[in-house]
Structures are given as C-alpha cells and as structure tokens.
1. Which helices (runs of 4 or more DSSP H) does the range 581-665 wholly contain that include 1 or more residues that are at pLDDT 95 or above?
2. Considering (1) of a type in the set (Asp, Glu); (2) modelled with pLDDT under 95; (3) surrounded by fewer than 24 Cβ atoms within 10 Å (Cβ to Cβ), say which one GLU552 fails and leave the rest.
3. Only one of (1) over 30 Å from the mean Cα position of the chain (by Cα); (2) touching a residue at least 60 places away in the same chain (Cβ under 8 Å); (3) buried (at least 18 other Cβ atoms within 10 Å of the Cβ) fails for GLU788. Which number is that?
4. Tally the residues that are open to solvent by less than 20 Å² (accessible area, probe 1.4 Å) and either at pLDDT 90 or above or small (Gly, Ala, Ser) (or both), restricting the search to the range 313-329.
5. Within the range 109-152, track down each residue that is charged (D, E, K, R) and not in a loop (DSSP other than H, G, I, E, B).
6. Which condition number does GLY795 fail, the rest of (1) over 41 Å from the mean Cα position of the chain (by Cα); (2) small (Gly, Ala, Ser); (3) at positive phi being met?
7. Report, by residue number, each residue of the range 439-475 that is in contact (Cβ under 8 Å) with a residue 24 or more places away in the chain and farther than 18 Å from ALA307 by Cα.
8. Mind listing just one residue for me: the one in the range 46-64 that is modelled with pLDDT under 90 and in a helix (DSSP H, G or I) and, of those, surrounded by the fewest Cβ atoms within 10 Å (Cβ to Cβ)?
Amino acid sequence: MARLGLLFFLSGAAVLVIETTWLRWFALLFGATAPAASATLAAFFAGQALGAAWAGSRASGWRRPLRTYGLLELAGAAGALATPLVLVAGEWATAQGYDGLQARPGLLATLRFALAMAATLPAAFAFGATLPAVGAAAMAEAGSLGTRGSALYGWNTAGAALGASLASFALPDWLGVRATYAVGLALGVGVGVTALALARSRETLAGTTASRRLEGARPRTLPRLGDLMAVAALSGFAALAGQVLLVHAFAQVLNQSVYAFGSVVVVVLAALALGAAIVARLSGSGTATPLRLLSVALVGSALCWLAFPALFAAFSGGMAYVGSERAFPGYLFVALGQVAATAGPPLLFAALLLPATFAAAGRRAPQADPATILGRLAAANTVGAIAGALAAPWLLLPALGLFGSFGGLAALLGLGALGLGDIGSRALRPGFIRGRALRLGFLGAGVAGLLWLASPFEVAPVRLAPGETLVEAASTPAGAVAVVRRSDGLLIRTDNHYALGGSAEKLHEERQGHLPLLLHRAARRVAYVGTATAITAGASTAHPVEAISLVEIVPAVSSAARRHFGPHNRRVHDDPRARVVVDDARNFLRATSERYDVVVADLFVPWRSGTGSLYTLEHYRNVRARLRPGGILCQWLPLYQLDRIEFEIVARTFVEVFPRTALFRADFYGAFPVVALVGFRDDPAPAAAVSAAARRLAARGERDRWVAEPLGPWSLYVGALGPGTFPERPLNRDDRPVIQYRAARSHVGGRTGKRAPFVGEAFARFGEALRRADVQAGHPLYPDLTPEAARASEGGALLQLAGAFYSSGRHGEAGRALAAAARRLPPQLLGEAPADPSAADVWHALD
C-alpha cells in the first residue's frame with residue numbers, strides 16, 4: 001500500500017503541474033475573462049468525470065488493475081503531450097470567426113468550451129480513470145474503502161497540493177512554462193512506467209489476491225449509491241464553489257498576483273488531503289461511523305462557511321492589504337497563513353465529505369467491487385465540481401453578492417445535512433430520528449447565533465475611506481466593481497484596492513489619450529486597451545478619427561463608465577464612431593481582423609495575474625501585426641509600480657518588436673511618474689507635423705498646454721530607445737514570464753534599495769542621460785527637431801528633476817531646478833502659465 005500511495009502522490013503532483021499549465025495556456029489563448037475561465041474549468045472536469053465513470057463501469061473486469069493503472073498514467077501523459085498541438089489548431093479556428101463571434105458572447109463561450117474539451121479530453125479522461133484503477137489494485141473488497149480508499153485519495157490530493165505549489169510559485173519562474181510542463185509530463189511517465197514494472201513483478205499488494213478472485217468469481221451486486229452520489233456531488237460543488245468564492249474574497253486583501261491565486265488553490269488541496277487522512281484514520285480505528293462523519297462534515301462546513309465573512313473581515317483588518325509589508329517570501333507565508341486561518345475550518349469540514357462516502361459505501365456493502373464504487377462516486381463528485389465552478393460566479397455572486405454567497409453555500413450544505421439519509425442501514429431507526437433532530441438542533445442554534453453575532457450579510461462589500469460615499473457596487477464573475485464619490489470627484493475601484501482612474505485626474509488621463517494621436521501623421525482608427533473610466537479614450541473625440549474601439553475586460557467596469565462618467569469622458573460610449581469590445585485585450589488584438597493606426601495601452605498593474613501577459617514579446621508582436629502602415633503602439637507604464645530592472649525588461653522587450661521607440665512622459669511628478677513607450681511601425685511623423693497637430697488641437701478648444709501648445713509635446717519627450725537597449729535584461733516572454741513573478745515579489749516588503757520603484761531622482765537622472773544621448777545622436781527619430789523643441793525637452797527634464805527633489809523633501813533644490821526649467825521652457829508652458837497640478841506637484845516649491 002505504501003508504494004502505491006507514493007505512486008498516486010506523484011501522480012497527483014504531475015496532474016496539477018499539467019493542469020496549472022493548461023490554465024495558463026488557455027488564459028493566453030481564450031483570454032483572462034470570467035467566461036473563458038469557466039469554460040476551461042468545465043472542460044477539464046467534464047473529461048475527468050467521464051474517465052471516472054468509464055473506469056468505474058469497467059474496473060471489475062480488469063484482471064491486472066495495476067497494469068491498467070500504469071497504462072492510464074501513460075495515456076494521460078500522451079494526451080497531455082498532444083494538447084499544445086490542439087491548442088495551435090484551436091487558436092487558428094478561433095481567429096477565423098472571431099469578429100463575428102465577439103458580438104455573441106454565448107456562442108463564443110461555447111466555442112471556447114469545445115476547444116478546451118477537445119484539447120484536454122484525452123488526458124483528462126485518463127486522469128479521471130486513475131482513481132478507480134488504483135483502487136482496484138489496492139483493494140479486493142469495498143469494506144476497505146474507508147481506510148485504503150480514503151488514504152489513496154488523500155495521497156493523491158496531497159501530491160496535487162505539491163504540484164500546484166510548484167507550478168504556481170516556482171517552476172515557471174525558474175525553468176519556464178514549457179519546461180514546467182515537461183516536468184509534469186516526465187513525472188506522469190515515470191509513474192506509469194513504475195506501475196507497469198510493479199505489475200510485471202506481481203507486487204500488486206492486494207491486486208494478486210483480487211485477480212485470483214476475479215478469475216472465478218461471479219459479478220458482484222452493486223449496492224444502491226444514489227444517496228451517496230448526491231452527497232459526493234454536493235462535496236464537489238462545495239469544494240469548487242468555495243474555491244471560486246475564496247479567490248474573489250482574497251483578491252480584496254492580497255495583491256492578486258500569481259502567488260495570491262496559488263495560495264488559495266494550495267490551501268484548498270491541502271485541506272482535501274488532510275480531510276481524507278482524517279477519515280482514513282477514523283475508519284481504521286472504528287472511532288466514528290460514516291453517518292456521524294457525514295453529519296459532522298455537513299453541519300460543520302455549513303456553520304463555518306456562514307462564519308467565514310466575519311472572520312475574514314476581522315483577520316484582514318477591515319479588508320486592508322494583508323502582508324504587503326513583508327518581503328518575499330515572507331509575504332507568501334503570510335498569504336498562505338491568512339487563507340488557512342480563515343478558510344481552513346470550512347474547507348476541512350467539507351473535505352471529510354467525499355472520503356466519508358467511500359466509507360459509507362464500504363460499510364453498506366463490504367463485499368462489493370471497490371473500483372466500481374470509486375468510479376461512480378468520483379464521477380458524481382466531479383459533476384458537482386463543474387456545477388460549483390459555474391454556479392459560484394454566474395449565479396451566487398450576482399444574486400447574493402460575495403459575502404452573501406458564502407451564506408448561500410452554507411444554506412445548501414445545511415439542507416444536505418437535514419436531508420442526510422440513514423447511511424449504512426436499511427430501515428429507519430429511532431437513532432436515525434434522533435440523529436436528524438440533533439443535526440437540526442446544532443444547525444438551528446449555530447445559524448441563529450451567527451446571524452445574531454456575525455451575519456455574512458452585514459459585512460460591508462466595499463471598504464470606504466473617510467469622506468467617501470458609495471455610488472454603486474456589484475459583485476461580478478470578474479470581481480467586485482464599485483463607483484465611489486470623493487470630495488474631488490468619482491472613481492472606479494475594483495476589488496477594494498485598484499483604482500481605475502477618476503474624474504479628479506481628468507486632464508492627466510486625457511493627456512494620455514491626446515499624445516499618441518498627435519504623434520501619428522493622420523490617425524483614423526484607434527483602439528484604447530483597458531478603458532476603465534474611458535476618460536483617456538474620450539480624448540480621441542477631439543481628433544478627426546473615424547473609428548474608436550474601447551476594449552475593456554470587465555463588463556461591469558464598462559457599464560459603470562457609461563452610466564457615471566459620461567460628463568467626464570465626453571460620452572465616448574455614445575459616440576457613433578465608438579465600438580465597445582468586452583473581452584481580454586490580448587485575445588482581441590490577436591484574433592481580430594481589424595487594423596489600427598494607433599493602439600493605446602493603459603496602465604496595467606504588472607504583478608496582477610492575467611495582466612503580466614500584456615507586457616510580453618508575443619503580445620507586442622500581435623499588436624504590431626494589427627497596425628496599419630505608419631501605425632503606433634503607445635504603452636503607458638506606471639513607474640511607481642515598477643523597479644528599474646522591471647522597467648528595463650519591459651523596455652527591452654518592447655524595443656525588440658519596435659526598433660523605433662521613443663520614451664515620453666505624461667507628467668513631471670517625482671513620486672508617481674507615468675511614462676509611455678511609443679513604438680513606431682515605420683518612420684515617425686516629422687517633428688513639425690507633431691507641433692502642427694498640437695496647434696490644431698488648440699484650435700478645437702483644448703486647453704491642456706502640454707499637448708495643445710506647439711512645444712508642449714516636446715517638453716514631454718525624453719529620448720529615443722533603439723536596438724540594443726538594455727541588452728543585459730531578459731526578454732519577457734509567454735514562456736518566461738519574468739515580469740509577472742518579479743513584479744509580484746518586488747511589490748511587497750517596502751520596496752527599498754534595489755527593489756525601490758523607478759521614480760524620483762533615479763528616473764529623472766535616467767531621463768536626462770537618455771535626453772543627452774538623443775542629442776548626441778542627432779535626434780534619430782526626429783532629425784527635424786528644432787532648437788526650440790530641443791530646449792523644451794531639456795526644460796521638461798529639469799522640471800522632472802524639480803519634481804523628484806520636491807517629492808523627497810529637498811524643497812530648496814526643487815525651487816532652483818524649477819527656475820532652471822522656466823528659463824528653458826516657453827512662457828506659455830511654465831513662466832507665465834498658472835500652476836498645473838495635473839502635470840506636477842512641484843509648483844508648491846514656489847510658495
């Protein structure tokens with residue numbers, strides 16, 4: 001049994017390494033949208049359910065079950081090896097009809113489900129069949145299901161927790177994604193080969209005895225399993241619905257990096273493994289009957305899920321950021337501890353359910369075939385998991401909200417406890433009646449107490465700062481979206497922490513929309529990626545463009561921007577030139593047949609899971625392929641969220657695709673600068689054309705001096721970045737997602753020293769060095785740059801330095817740098833112009 005348990009442990013690790021890589025690949029192919037994620041999970045689990053059901057119906061006839069198990073492991077590895085090939089074909093098929101399907105999200109989700117099913121079915125089918133097969137090898141009769149069956153399931157899920165840890169936290173960063181997948185495949189092949197070797201040597205544990213009995217035995221009668229299959233399905237539903245809801249909950253207090261998401265998955269799997277071990281131990285000692293185990297599991301999980309929201313809010317300090325002051329890997333340990341401390345109790349109670357059904361089936365018919373029972377219960381459990389993965393985001397969250405959904409999950413488990421049958425007996429007995437009354441009593445008292453003291457419906461869904469009022473909030477499959485009013489205006493916030501811009505920053509955000517359009521010779525078709533409030537995109541309505549694509553991944557954000565930000569975004573959603581695209585930006589720009597003059601990529605949080613892929617080499621190549629002749633990609637970067645090395649990695653990757661790249665700034669802030677990598681498909685427009693475009697913008701009534709004065713854009717110009725930029729830095733690729741991991745680590749722990757954000761004097765000195773190099777090279781991108789424009793660029797560099805000095809408290813130096821900038825910039829930009837807080841806060845140095 002120990003050898004078989006070790007094999008099944010390694011099998012669980014291999015499967016989770018493979019499936020975690022699948023999730024990453026499907027996110028790149030289908031997009032990181034909620035419908036795409038749901039379709040992918042449903043396809044995975046559907047294959048496993050089919051495999052478990054098939055194996056359960058056939059296992060009683062297998063004479064050498066360990067050999068069959070080994071062949072299934074090898075078949076799973078072979079199927080997984082073919083998955084990337086199917087993905088390539090699926091990517092091509094999606095692209096052929098994408099534009100027509102994009103407006104029909106239901107049909108698009110169905111196609112994605114079909115592609116995910118086709119790519120994963122062979123491997124997932126084999127993976128699902130392994131539990132009945134290994135059960136047939138380990139057990140001759142169903143009487144040992146409670147001990148050996150639960151132990152095997154526990155070993156497998158413990159291995160799965162290890163595999164999820166490796167594939168989420170380490171291997172893609174250390175080895176790359178393809179090498180990580182190869183590790184999973186190699187591990188699966190190793191398990192299969194070892195199982196075949198054990199089968200040949202007849203070291204089949206109970207399998208030899210089982211084979212002899214099967215040779216002369218008549219088919220054994222299968223006990224009734226309908227009630228147990230219902231409990232197994234409920235177990236799967238609770239596990240996956242709980243996991244989905246926990247991911248949404250911890251997105252509000254963790255940093256939404258790959259480490260945060262992985263922490264939830266690892267804790268869920270570890271709880272399942274521990275629950276199985278507990279049932280195996282109790283079944284072996286005879287301490288608890290299956291009915292008692294099931295009663296405790298259902299009642300305990302129901303009450304703990306009901307208590308979770310209040311416990312979560314208490315542990316999270318009112319839903320403030322957790323652990324961000326801890327340097328990595330301390331942050332990871334804090335995240336794991338936070339998830340385990342708050343979600344561990346309900347997860348552990350729920351983890352008792354499935355192995356308890358194994359024990360109950362074995363007690364009901366100890367002479368029955370164990371593999372058949374395992375197959376049916378595992379299939380029911382997986383079908384329940386599919387339902388939970390779909391119901392949590394699409395039914396519970398919209399109907400009950402995040403914390404109310406935990407109450408809904410608790411209610412479902414409570415109903416299961418009340419409907420629990422007389423497991424292990426053929427007739428109702430007084431003890432059964434007393435048991436149901438006892439469960440009802442515990443549930444009633446627990447629910448009453450929790451609703452009185454810690455109701456999940458009283459936990460605030462949105463954390464508001466003093467002076468803020470909530471305008472609108474929604475719990476959606478893509479996360480929590482809130483519109484908040486402050487004294488300085490409206491803003492959109494997701495998951496309580498990420499502000500997607502607001503009306504107070506209107507001038508600054510519009511500048512990010514104006515500048516790239518000025519740099520193009522005559523932009524007619526423009527796409528704004530990550531529109532949020534759409535204030536940046538709204539700037540395009542002041543230009544003679546013909547088509548505006550507003551690409552936003554979260555439907556609720558796009559709807560909120562239309563309803564509440566119309567006065568601030570120039571009602572761009574209602575502009576007849578505008579088209580709203582609700583999809584993953586990367587997926588859209590890869591699959592669409594549209595071509596653009598300008599693509600403007602908004603500020604993407606680099607460490608958030610799903611957005612790191614928008615900084616990769618492959619994505620930039622996809623965008624370049626969608627540019628028309630003379631096209632531009634403008635990638636805005638939040639330097640306050642990147643350290644210097646991360647900025648250089650992104651810049652090197654960008655320049656690899658766009659050898660003609662210019663660096664512009666959006667402002668002159670010292671602590672929170674925003675810059676743009678502007679990549680030109682062909683030669684840039686002449687400098688004189690850019691200044692002329694600024695004059696025309698002013699003639700149309702625009703008053704932002706930095707884009708509506710002829711020299712304004714050149715005060716924002718830093719310099720050219722060409723081939724060979726930062727050659728010592730690695731490229732950020734889909735296969736080597738350097739930014740996703742590095743930014744997640746550098747974002748926590750205070751970001752001091754080498755991990756300090758690339759702001760302040762460090763960026764100002766870098767910008768000045770780049771400007772000088774540009775001058776010495778004769779302005780390679782803008783050879784017609786006039787002396788006045790070059791002087792404006794120098795003045796902008798000094799203004800940036802003044803902002804850096806001011807942000808660090810060196811006000812005297814800030815004032816001197818500001819005076820030097822005023823001598824170089826034209827008076828309409830600085831000397832005679834009033835203070836402009838949308839561009840810098842250094843004006844206070846003049847007070």
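The values are calculated or read from the model by the stated rules, or taken from the named source; none is laboratory data. Not measured: the values here are computed from a predicted model. Virtual Cβ from ideal backbone geometry, glycine too; neighbours counted across all protein chains shown. Please note that ligands, DNA and RNA were not included when accessible areas were found on the heavy atoms of the full protein model with its side chains. Shrake-Rupley method; radii C 1.70, N 1.55, O 1.52, S 1.80 Å.
1. It comes to 617-625, 644-657.
2. Of everything listed in (1) of a type in the set (Asp, Glu); (2) modelled with pLDDT under 95; (3) surrounded by fewer than 24 Cβ atoms within 10 Å (Cβ to Cβ), GLU552 misses just condition (3).
3. Here GLU788 clears every test but (3).
4. 2
5. ARG112, ARG148
6. Of everything listed in (1) over 41 Å from the mean Cα position of the chain (by Cα); (2) small (Gly, Ala, Ser); (3) at positive phi, GLY795 misses just condition (3).
7. Hits for the range 439-475 are VAL462, ARG463, VAL471, GLU472, ALA474, SER475.
8. GLY61
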